[in-house]
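Colleague: After the structure tokens below, expect a handful of questions from me.
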Amino acid sequence: MAQTFTKAMARNIFYGGSVFFFLLFLALTLDTNRTLPELDNRAAITEQVALGKRVWEENNCIGCHTLLGEGAYFAPELGNVYTRFGNSKEAIVGFIKSRPKDGIPGRRSMPQFNLSDEELEAIAEFLKYTSEINTAGWPPNTQG
Amino acid sequence: MQYKSQAVAKPYFIAAIGLFMAQILFGLVMGLQYVVGDFLFPEIPFNVARMVHTNLLIVWLLFGFMGAAYYLVPEEAERELQAPWLAIAMFWIFLIAGALTVLGYLLVPYAGLAEMTGNQYLPTMGREFLEQPTITKLGIVVVALAFLFNIGMTVLKGRKTVVSLVLLLGLLGLAVFFLFSFYNPENLVQDKYYWWWVVHLWVEGVWELILGSILAFVLIKTTGVDREVIEKWLYVIIAMTLITGIIGTGHHYYWIGTPEYWQWWGSIFSAMEPIPFFMMTVFAFNMVNRRRRNHPNKAAILWALGTAVMAFLGAGVWGFLHTLSPVNYYTHGTQITAAHGHLAFYGAYVMIVLAIISYAMPMLRGREAANSERSQVLEMWSFWLMTVSMVFITLFLTGAGILQVFLQRYSENPQPFMAVQEKIVLFYWLREIAGLVFLIGLICYVTSFFVGSRDAEVKIGSAATSPA
């Protein structure tokens with residue numbers, strides 16, 4: 001068949017193409033990092049927000065919820081939960097605190113994580129910070 | 001089996017199959033929790049079952065990749081493995097570390113596991129697919145380094161073929177990009193940005209190199225087509241994979257606080273990501289059609305053709321379905337994503353591992369080239385049961401996803417998440433039934449190893465070698 005297209009040419013396309021597009025990816029990453037301060041709400045990252053992120057991670061919240069659309073699809077999106085709950089940290093704290101230990105018969109229920117008041121405040125602050133990240137207009141509406 | 005040290009692949013393959021079985025059982029638990037919300041609550045909450053389900057998948061695929069490498073590299077390099085004892089030692093370390101991690105998930109509350117394993121010193125836990133305690137992640141790095149040393153030295157000291165070089169490159173990339181799992185900044189956007197360097201650059205990047213090289217190996221062995229032809233195809237396929245897939249990472253950067261130009265880069269390049277998968281399908285069928293002999297292991301050829309088709313459908317078609325940013329605006333983080341994830345992982349990675357196991361296992365168990373007729377027939381039944389039921393799982397999840405998108409995001413009066421979930425419960429029930437059929441297929445698969453082991457091998461002479 002096409003003897004004009006040799007294995008050596010295929011190999012060169014592979015190495016050349018991969019290197020070229022990886023370098024392009026690095027360039028775009030560099031530019032992204034330069035632009036991020038305008039988008040990622042980093043000014044709001046306090047020690048409390050950082051603690052909130054740890055609480056988020058160490059209770060594996062992503063195992064049921066999505067955050068900015070990434071995670072599991074078993075429970076509601078939480079990237080905008082702060083606005084969905086009427087811009088209220090108290091509502092978030094109250095919800096997490098009031099989960100019944102043994103669940104709700106026949107229904108999905110969030111576990112009772114027995115978080116301390118400090119951790120509850122921190123997770124609410126973290127979710128507030130997340131809701132203020134510029135996500136190009138996503139999600140389409142407040143239901144997430 | 002041409003080289004004694006290839007035998008180290010056997011425990012890797014057996015462990016892979018065992019963990020695959022466990023993964024499916026937890027998948028069924030989760031599927032049931034979708035419809036009977038309090039099933040096993042609070043003993044095994046959904047997040048724990050999911051963590052076990054996804055982590056087992058990754059671990060058993062890694063076992064499969066490593067077994068594949070230990071089997072095929074000696075044959076490609078035409079020499080014994082550098083250090084077979086090291087491969088066996090790493091097998092036990094990886095298996096025990098994996099088992100301990102899963103037991104930790106199941107027996108200790110996750111926050112307790114984080115505390116026990118010192119997550120505060122280097123917090124890496126609690127991110128999707130990277131839930132493993134930091135110490136497990138360090139263990140993975142050690143195992144990967146020992147593995148790469150073993151495989152790398154064997155390749156370097158022996159015959160260097162395109163198949164083994166591409167495999168080595170893929171495995172090297174796998175190890176390098178895993179290092180980003182240790183980078184977990186407080187800034188959520190940056191955290192997510194580099195999290196994808198593990199997840200996307202694995203499954204839509206370097207893992208495809210591993211997939212391509214294993215497929216090429218199986219096709220060389222079973223079809224007898226000239227290596228030069230197959231290697232040229234392999235280069236072209238993986239070239240297209242990385243040319244489209246690297247910038248294609250951008251399809252994850254639409255809505256996570258990254259600049260909006262990613263909507264263009266991501267849409268255009270990821271729209272081309274099906275191309276290498278389609279080429280893989282054409283490649284596999286072409287090689288089998290041009291075969292110069294009829295290999296007696298028909299099951300292995302079925303898996304090889306199957307993976308090429310299903311990877312194109314799952315990764316290519318179902319990926320394209322929701323990759324354009326105006327579409328993804330509505331589908332992002334819905335059951336559409338779950339549908340795509342299931343078919344893509346099954347088609348591309350589950351099936352290629354089952355293909356190499358199918359090809360190699362008869363030799364590893366002391367046969368000449370293939371299992372008995374009865375065993376192969378049962379294995380092919382398992383192929384169809386698992387593949388067809390996975391297609392239905394995907395279709396039901398797609399149905400659920402379309403309704404979810406409409407009711408929650410697209411219609412005039414968007415409804416809350418949980419209200420929508422209750423309305424689409426029918427699809428979740430059907431998915432669970434399809435999952436049970438998958439389990440039956442998997443049981444057939446495992447049984448096929450024990451059926452007809454005393455019967456004679458299937459024997460087929462050389463195919464008619466007429467040039468037509």
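Colleague: Would you check if B:ILE247 is touching a helix residue (DSSP H, G or I) at 6+ places or on another chain (Cβ under 7 Å) and closer than 30 Å to A:LEU39 by Cα? I'd like the intermediate steps shown before the answer.
Modeller: On the way: touching a helix residue (DSSP H, G or I) at 6+ places or on another chain (Cβ under 7 Å): yes; closer than 30 Å to A:LEU39 by Cα: yes.
For B:ILE247, the condition - touching a helix residue (DSSP H, G or I) at 6+ places or on another chain (Cβ under 7 Å) and closer than 30 Å to A:LEU39 by Cα - is met.
Colleague: Quick one: how many residues across region B:115-150 are more than 14 Å from chain A (Cβ to nearest Cβ) and either modelled with pLDDT under 95 or within 14 Å of B:ASP191 (Cβ to Cβ) (or both)? Let's see the steps before the verdict.
Modeller: Within region B:115-150, the subset more than 14 Å from chain A (Cβ to nearest Cβ) is B:135-136, B:138-150.
Narrowing further to those that are either modelled with pLDDT under 95 or within 14 Å of B:ASP191 (Cβ to Cβ) (or both): none.
Adding up the residues that qualify gives 0.
Colleague: Among the residues of region B:373-393, is any within 19 Å of B:THR331 (Cβ to Cβ), in the same structural domain as B:VAL317 (by TED's automatic domain parsing) and modelled with pLDDT of 95 or more?
Modeller: Taking region B:373-393 and keeping what is within 19 Å of B:THR331 (Cβ to Cβ), we get B:393.
Going one step further and asking which of them are in the same structural domain as B:VAL317 (by TED's automatic domain parsing), we end up with B:393.
Next, from what is left, pick out any that are modelled with pLDDT of 95 or more: B:393.
Looking for residues that are within 19 Å of B:THR331 (Cβ to Cβ), in the same structural domain as B:VAL317 (by TED's automatic domain parsing) and modelled with pLDDT of 95 or more, one finds at least one in region B:373-393, hence yes.
Colleague: Among (1) open to solvent by 20 Å² or more (accessible area, probe 1.4 Å); (2) aliphatic (A, V, I, L, M); (3) within 20 Å of B:THR307 (Cβ to Cβ), which single condition is B:LEU439 missing?
Modeller: Among (1) open to solvent by 20 Å² or more (accessible area, probe 1.4 Å); (2) aliphatic (A, V, I, L, M); (3) within 20 Å of B:THR307 (Cβ to Cβ), the lone unmet condition for B:LEU439 is (3).
Colleague: Within region B:361-383, track down each residue that is part of a loop (DSSP other than H, G, I, E, B) and open to solvent by less than 10 Å² (accessible area, probe 1.4 Å). Quick ask: steps written out before the conclusion?
Modeller: We begin by selecting, within region B:361-383, every residue part of a loop (DSSP other than H, G, I, E, B); these are B:365-371.
Hit for region B:361-383 is B:ALA370, nothing else.
Colleague: Among the residues of region A:84-112, which ones are acidic (Asp, Glu) and either over 22 Å from the mean Cα position of the chain (by Cα) or surrounded by 13 or more Cβ atoms within 10 Å (Cβ to Cβ) (or both)? Show your work before the answer.
Modeller: Going through region A:84-112, the residues acidic (Asp, Glu) turn out to be A:90, A:102.
The one that is acidic (Asp, Glu) and either over 22 Å from the mean Cα position of the chain (by Cα) or surrounded by 13 or more Cβ atoms within 10 Å (Cβ to Cβ) (or both): A:ASP102.
Colleague: Taking the residues in region B:25-45 that are among the aromatic types (Phe, Trp, Tyr) and touching a residue at least 24 places away in the same chain (Cβ under 8 Å) as candidates, determine which candidate is nearest to the other protein chains (Cβ to nearest Cβ). Break it down into steps so the answer makes sense when it comes.
Modeller: Let us first name the residues in region B:25-45 that are among the aromatic types (Phe, Trp, Tyr), namely B:26, B:34, B:39, B:41.
So of that shortlist, the ones also touching a residue at least 24 places away in the same chain (Cβ under 8 Å) come out as B:26, B:34.
Numbers: B:PHE26: 12, B:TYR34: 7 Å.
The selected residue is B:TYR34.
Colleague: Can I ask one more? For B:ASN289, which of the numbered conditions (1) more than 9 Å from every other protein chain (Cβ to nearest Cβ); (2) touching a residue at least 40 places away in the same chain (Cβ under 8 Å); (3) more than 22 Å from the chain's Cα centre (by Cα); (4) on the phi < 0 side of the Ramachandran plot fails to hold?
Modeller: So the condition that B:ASN289 fails would be (2).
Colleague: For region B:202-233, name all the residues that are within 11 Å of another protein chain (Cβ to nearest Cβ), among the hydrophobic types (A, V, I, L, M, F, W, C) and open to solvent by less than 10 Å² (accessible area, probe 1.4 Å).
Modeller: Matches in region B:202-233: B:LEU209, B:ILE230.
Colleague: In the list A:ASN87, A:ASN114, A:ASN134, which residue meets the criterion of being closer than 23 Å to A:ALA43 by Cβ, within 12 Å of another protein chain (Cβ to nearest Cβ) and not in a helix (DSSP H, G or I)? Walk me through it before giving the result.
Modeller: Details: A:ASN87 fails: within 12 Å of another protein chain (Cβ to nearest Cβ); A:ASN114 fails: closer than 23 Å to A:ALA43 by Cβ.
Residue meeting the stated conditions: A:ASN134.
Colleague: Does B:LEU113 satisfy the criteria of being more than 20 Å from B:VAL206 (Cα to Cα) and open to solvent by 40 Å² or more (accessible area, probe 1.4 Å)? Steps first, please.
Modeller: Details: more than 20 Å from B:VAL206 (Cα to Cα): yes; open to solvent by 40 Å² or more (accessible area, probe 1.4 Å): no.
No: the conditions fail for B:LEU113.
Colleague: Can you work out which of the residues in region B:288-334 that are open to solvent by 40 Å² or more (accessible area, probe 1.4 Å) and among the hydroxyl-bearing types (Ser, Thr, Tyr) is nearest to B:ILE393 (Cα to Cα)? Outline the logic, then answer.
Modeller: At the first step, the residues of region B:288-334 found to be open to solvent by 40 Å² or more (accessible area, probe 1.4 Å) are B:289-294, B:298, B:309, B:312-313, B:317-318, B:320-321, B:324, B:326-327, B:329-330.
Keeping just the survivors that are among the hydroxyl-bearing types (Ser, Thr, Tyr) gives B:329-330.
Working: B:TYR329: 24, B:TYR330: 21 Å.
That would be B:TYR330.
Colleague: Still on this structure: Taking region A:117-131, which residues are at the interface with another protein chain (Cβ under 10 Å from one of its Cβ atoms) and either open to solvent by 50 Å² or more (accessible area, probe 1.4 Å) or among the small types (Gly, Ala, Ser) (or both)?
Modeller: Residues of region A:117-131 at the interface with another protein chain (Cβ under 10 Å from one of its Cβ atoms): A:119, A:126, A:129-130.
Matches in region A:117-131: A:GLU119 only.
Colleague: Does B:GLY341 satisfy the criteria of being open to solvent by 10 Å² or more (accessible area, probe 1.4 Å) and on the phi > 0 side of the Ramachandran plot? Break it down into steps so the answer makes sense when it comes.
Modeller: On the way: open to solvent by 10 Å² or more (accessible area, probe 1.4 Å): yes; on the phi > 0 side of the Ramachandran plot: no.
It is false that B:GLY341 is open to solvent by 10 Å² or more (accessible area, probe 1.4 Å) and on the phi > 0 side of the Ramachandran plot.
Colleague: Which of (1) touching a Gly at 6+ places or on another chain (Cβ under 9 Å); (2) open to solvent by less than 20 Å² (accessible area, probe 1.4 Å) is the odd one out, the single condition B:VAL143 does not satisfy?
Modeller: For B:VAL143, the exception is condition (1).
Colleague: Here's another thing I want to ask about it. Determine if region B:346-360 includes at least one residue that is of a type in the set (Gly, Ala, Ser), open to solvent by 30 Å² or more (accessible area, probe 1.4 Å) and out of contact with any Lys or Arg (no Cβ under 8 Å at 6 or more places or on another chain). Before the answer, list the steps.
Modeller: Of region B:346-360, the ones of a type in the set (Gly, Ala, Ser) are B:347-348, B:355, B:358, B:360.
Add one more test, that the residue is open to solvent by 30 Å² or more (accessible area, probe 1.4 Å), and what stays is none.
No; the residues of region B:346-360 include none that is of a type in the set (Gly, Ala, Ser), open to solvent by 30 Å² or more (accessible area, probe 1.4 Å) and out of contact with any Lys or Arg (no Cβ under 8 Å at 6 or more places or on another chain).
Colleague: Looking at B:PHE417, B:PHE406 in this structure, which one is open to solvent by 50 Å² or more (accessible area, probe 1.4 Å) and within 14 Å of chain A (Cβ to nearest Cβ)? Spell out how you get there, then give the answer.
Modeller: Values: B:PHE417 fails: open to solvent by 50 Å² or more (accessible area, probe 1.4 Å).
None of the other options fit; the residue is B:PHE406.
Colleague: Go through region A:26-78 and give me each residue that's open to solvent by 10 Å² or more (accessible area, probe 1.4 Å), at the interface with chain B (Cβ under 7 Å from one of its Cβ atoms), farther than 30 Å from B:TYR34 by Cβ and in a helix (DSSP H, G or I).
Modeller: Correct list: A:LEU28, A:THR35, A:ARG42, A:ALA50.
Colleague: Moving to a separate point now. Consider region B:258-286. How many of its residues are within 12 Å of chain A (Cβ to nearest Cβ) and aliphatic (A, V, I, L, M)?
Modeller: Total satisfying the criteria: 2.
The values are calculated or read from the model by the stated rules, or taken from the named source; none is laboratory data. Computed from a prediction, not measured in an experiment: that's the story for all the values here. Glycine gets a Cβ as well: all are built from the backbone with ideal geometry, and neighbour counts include every protein chain shown. Calculation scope for accessible area: heavy atoms of the full protein, side chains included, ligands and nucleic acids excluded. Shrake-Rupley method; radii C 1.70, N 1.55, O 1.52, S 1.80 Å.
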